[in-house]
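Chemist: Have a look at the structure that comes next, please.
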Amino acid sequence: MGAVRRFRFLPLVGLALVMAACGDTTATTGDPGTAPPTTSTVVLATEAPAGAPQRIVSLSATHTEMLYAIGAAEQIAGTDLTSNYPPAAEETPKVDSFNFDVEEVAAMDPDLVVLAFDFAGEVAALEALSIPTLLLPPPTTLEGAYEQLEQLGTAVGRGDAAAELAASMRAEIDGLIEAAAGEPGSLFHEVDNTLFSANSSTFIGDVYRRFGFTNIADEVPDEFGSGFVQLSPEFVIDSDPDFIFLGDAAFGETAATVAQRPGWDELTAVQEGRVVELDSDISGRWGPRTVELVRQVADAIRERGGP
Amino acid sequence: MTVAPALAAPIRLRAGPLAVAAGALAAAMALGVMLGPASLPAGGVFLEIVDRLPLLSVDSGLSDREAAIVWELRVPRVVLGALVGAMLAMAGGAYQGVFRNPLADPYLLGVAAGAGLGATLAIAAGAGGSGIPTAGAAFAGAVAAVVLTYALARTGSTGSTANLILAGVAVAAFFTAAQTFVQQRASDTIREVFSWILGRLATVGWAEVRLLAPFVVVSAAVLFASRRLLDVLAVGEEEAGTLGVRTDRLRLAVVAAATLGSAVAVAVSGLIGFVGIVVPHTVRLLTGHSYRVILPLAFVGGAAFLVAADLLARLVISPGELPIGVVTAFIGAPFFAVVLRTARRAA
C-alpha cells in the first residue's frame, strides 16, 4: 500500500466523544473551551530549550503542525500516520495512533508524547512506562486553540515562539472575519455523507459562529454534548441552508454529488452555487493552518455572496 | 418443534387477518409520508402524491422544496421500507419451513456476513455509506457467502440441512472475521461501516426502489408458489419424499429465492435484523402453522412492521434519527415475548 493513508479526522473526533460520553471514565472531553486543556504529567517547562524535551513523539496531526510551526522540528522523534503536514513530517518515523501500541511508541525512546485523544487508555499505558505525556484534546473555540498552542510551546521550551504565532494567527483571523463582516445566513457543515454535522459548540462551529452564520445543527438536540450530531436529509432540505460546507470533500463528496442526492437539487445553496468543498486536512484540525480555513470561508462568502 | 398442519382439513388464508395486516400497512405508510422533521400540511402531502400519479394533475399548494421532501424522500423511503420488510419476513418464514428450524432467518446461510464484508470493502475503498456501488458490493458479498456455504455443505457426508446450517455458521464466522480485519485497517471509515451494519433507510431514493422491486416480485412469487410443498415438508423430510415431494429441489428453489431477495434487500438497506424471525413467528402464533397462511401474511405484516419501525426511528429523536436495526430489535423482541405468552395462554 504505497499511497499515503488518509484519515477522516472529524468523524472520529465525534465518534470518540460519543464513546467517551457513553461511560468511558477517562473523562478527557471536559470542556476545553472554557478551561485550558488539562491532564499533563509533564511539569510545564519554563526554562530554556536545553532542559526541554528533545525526543517528542506526536500522535496528533494538529500538534505535529504546531510543533513544526514553532520551530521544534529538531525535537521531533516521531509522528503518527495522520501527520502529513508539513511535508517534512512525512519523513519522520511513524506510528499508528488509531491502532495504538505502547511498545511501538516506547521503542522511539520519547521524552514527551503529545496526543489529542485518550481513546484506548493511551495515557495510562504511557504513564506505566514513566513516559511523560501531554494530552491536548480538541478545543471548542478559536481562543481554546490559541491557548493550546501556547501550552504546547511552553511544554517544549518554545513558549515565546508559540505566543508570537498565536498572536499573529489571532490578528490575521480577526482581520479576515472583520473584512467579511455581514450576515452570511445559515449553513450546514457536513462531516460525512451520513449527514453528521458539527454544531456551534465545536471548534469548526465556533469559526462559523464568528462569521455570523446560523448553524442548522444547533437546532438538533446534542444528547452526548459532543457537538457532533446526525441530521436527517429531510431536516437539511427543510432548513434550506444558504451555504453547505463539505468537510468530507476528500472522500469524494462534491457540489455535484450533493446536487444528485434525492431532493437536494431544490436547495438554495445548490441552486445558487454555494456548496463549498473544504480541505478536510485543514477543517478537521485546529493548528496553524486554521488561518487558511478562515480564509477559505471568507473567500466563499465574498465570491458567492450571501442570501 | 414443527407441528404438522392439519393436512386433512382445507386451509385457506382467511380475509380477516389479511385485512388487519393490510390495514396496519396502509396506516403505517400513510403516517410515514405525513410525519417528519418538516411539518407539512397533511392535505398538501396527499394532493402532492395524487399529483404524481399518472393521468392526474392537481395543485398541492406545496413549494418545490416541500414537494421534493414528499416525493424524493418520504415516499421512496416508505415504499422501500415496505419492500424490505416484506422480503425479509417472507424469506424468514420460508427458511424456517425449509430448514424445519424455528431459528432460521434470512441471514442463516451467510447473507449478512457476506453483505457486511462486501459493504465494508466498498466503504473502505471510498464508496461511502450509501449508494449503488456499496449496495452492489454488499450483494456480491452476500451471494459469494451463500455459494461458499453450499459448496462447503456438499463436501459433507450426508448433505442434510444440518450440514448446510453448520457450513453457514463457519462461512459467517470467516466473513465476519475478514470484515473486522478490513474495518480495523481502515479505521477512518469505521462509522460509515457501523451505520451500514445497523441499517439505514434515511438516504434511499427511487434508485434503490427500482433496484429492489423486481427481485422482491420474483422471489415472493417463487416462495408463494412453494407454500403447499412447505406444508407437506413440515410433516417430515422422509414422509414428504414418500408423498412425492422432491425435497432437494424444493429446498434449492426456496433457498435460492429467499436468499437472492434478502441479499438485495440487505444491500440497499443495511443489516436490519429480527424482522425475519419476529414477523413469521408472530403470524404463526396468531394464525396457525400452515405456510399457506404464514407466507402471505408475513409478506404484508413484515412490510407494515418495518414501515412502522422506520417511523419510530425517525420520530424518537427527531430531527436526528435512530438506526432502524436498533428499533426493530428493541421493539420487536418485547413485542414477540408478549405474543409468545399470549399464544401459550390461549392454547
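Derivation of every value follows stated rules applied to the coordinates shown; laboratory data play no part. Computed from a prediction, not measured in an experiment: that's the story for all the values here. Please note: Cβ atoms are built from the backbone with ideal geometry, for glycine as well, and neighbour counts cover all protein chains shown.
Chemist: Expressed as a rounded percentage, what relative contact order does chain B have, with Cα pairs under 8 Å and six or more residues apart?
Modeler: About 29 percent, as a whole number.
Chemist: Can I ask one more? Could you tell me which of rounded, prolate or oblate describes the stretch B:223-302, using a ≥ b ≥ c as the square roots of the eigenvalues of the alpha-carbon gyration tensor, with rounded for a/c under 1.5 and, failing that, prolate when a/b is larger than b/c and oblate otherwise?
Modeler: oblate
Chemist: Of all DSSP beta bridges in the protein assembly as shown, what percent run antiparallel (nearest 5)?
Modeler: Of the beta bridges lying entirely in the protein assembly as shown, close to 20 percent run antiparallel.
Chemist: Provide the per-residue ³J(HN,Hα) series for the stretch B:187-196, in order, calculated from phi with Karplus coefficients 6.51, -1.76, 1.60 and θ = phi - 60°, each as a whole number of Hz, with x at glycine and proline positions.
Modeler: My calculation for the stretch B:187-196 gives 5, 5, 9, 4, 6, 4, 5, 4, 4, 5 Hz in order.
Chemist: Could you work out the helix-only [θ] at 222 nm for the protein assembly as shown, with each DSSP H run of four or more residues adding -39,500 (n - 2.57) and the total divided by the number of residues, to the nearest 500 deg cm²/dmol?
Modeler: After summing the helix terms and dividing by the residues of the protein assembly as shown, the value is -17500 deg cm²/dmol.
Chemist: Rounded to whole Å, give me the distance from the Cα center of the stretch B:325-347 to that of the stretch A:101-178.
Modeler: When both Cα centres are located, 52 Å separates them.
Chemist: Residue-wise, which Karplus ³J(HN,Hα) couplings in Hz belong to the stretch A:177-184, taking 6.51 cos²θ - 1.76 cosθ + 1.60, θ = phi - 60°, and x for glycine or proline?
Modeler: 5, 5, 5, 8, 3, x, 10, x
Chemist: When you count, for each residue, the other Cβ atoms within 10 Å and take the mean per peptide, how do B:294-307, B:95-108 rank with the highest first?
Modeler: B:294-307, B:95-108
Chemist: Another question, if that's okay. Please report how far the C-alpha centroid of the stretch B:30-101 lies from that of the stretch A:222-286, rounded to the nearest whole angstrom.
Modeler: When both Cα centres are located, 25 Å separates them.
Chemist: Once amide H atoms are placed 1.01 Å from N in the peptide plane, what residues at a sequence separation of 5 or more from A:V95, or on another chain, have their amide H within under 5 Å of its amide H?
Modeler: A:T79, A:D80, A:L81
Chemist: Just to check I understand the Karplus step: with θ = phi - 60° and J = 6.51 cos²θ - 1.76 cosθ + 1.60, what whole-Hz values come out for the stretch B:113-126, glycine and proline as x?
Modeler: 5, x, 4, x, 5, x, 5, 4, 4, 5, 5, 5, 7, x
Chemist: Continuing with the same structure: Remind me, relative contact order of the stretch B:228-347 in percent, using alpha carbon pairs under 8 angstrom and six or more residues apart? Write out the running numbers ahead of the final one.
Modeler: Working: 79 pairs, mean separation 29.8, N = 120.
Worked out over the stretch B:228-347, it gives 25 percent.
Chemist: Turning to a different aspect of this structure: Starting from the amide H of A:F243, placed 1.01 Å from N in the peptide plane, find each other amide H under 5 Å away whose residue is 5 or more places distant or on another chain.
Modeler: Here A:S186, A:L187, A:F188 satisfy the definition.
Chemist: Further question: Would you mind classifying chain B by shape? Square roots of the alpha carbon gyration tensor eigenvalues, ordered a ≥ b ≥ c; an a/c under 1.5 is rounded, otherwise it is prolate if a/b is larger than b/c and oblate if not. Provide the component values of the computation, followed by the final result.
Modeler: On the way: a/c = 1.99, a/b = 1.26, b/c = 1.58.
In terms of gyration-tensor shape, oblate.
Chemist: Give me the base-10 log of I(q)/I(0) for the protein assembly as shown at each q in 0.05, 0.08, 0.10, 0.12 Å⁻¹, Debye formula, one uniform scatterer per Cα, rounded to two decimals.
Modeler: -0.29, -0.68, -0.96, -1.20
Chemist: Considering only B:T120, B:T155, B:T328, give the residue with the highest GNM mean-square fluctuation for chain B, with springs between Cα atoms whenever their separation is below 10 Å.
Modeler: Maximum fluctuation in the GNM of chain B, among the listed residues, is at B:T155.
Chemist: Working only with C-alpha atoms, what are the Rg and Dmax values of the stretch B:60-130, expressed in angstrom?
Modeler: Spelled out, the Cα radius of gyration and Dmax of the stretch B:60-130 are 17.9, 54 Å.
Chemist: Still on this structure: For the stretch B:1-154, what does the alpha-carbon gyration tensor say about shape, rounded, prolate or oblate, given a ≥ b ≥ c as the root eigenvalues, a/c under 1.5 as rounded, and a/b over b/c as prolate?
Modeler: Verdict is oblate for the stretch B:1-154.
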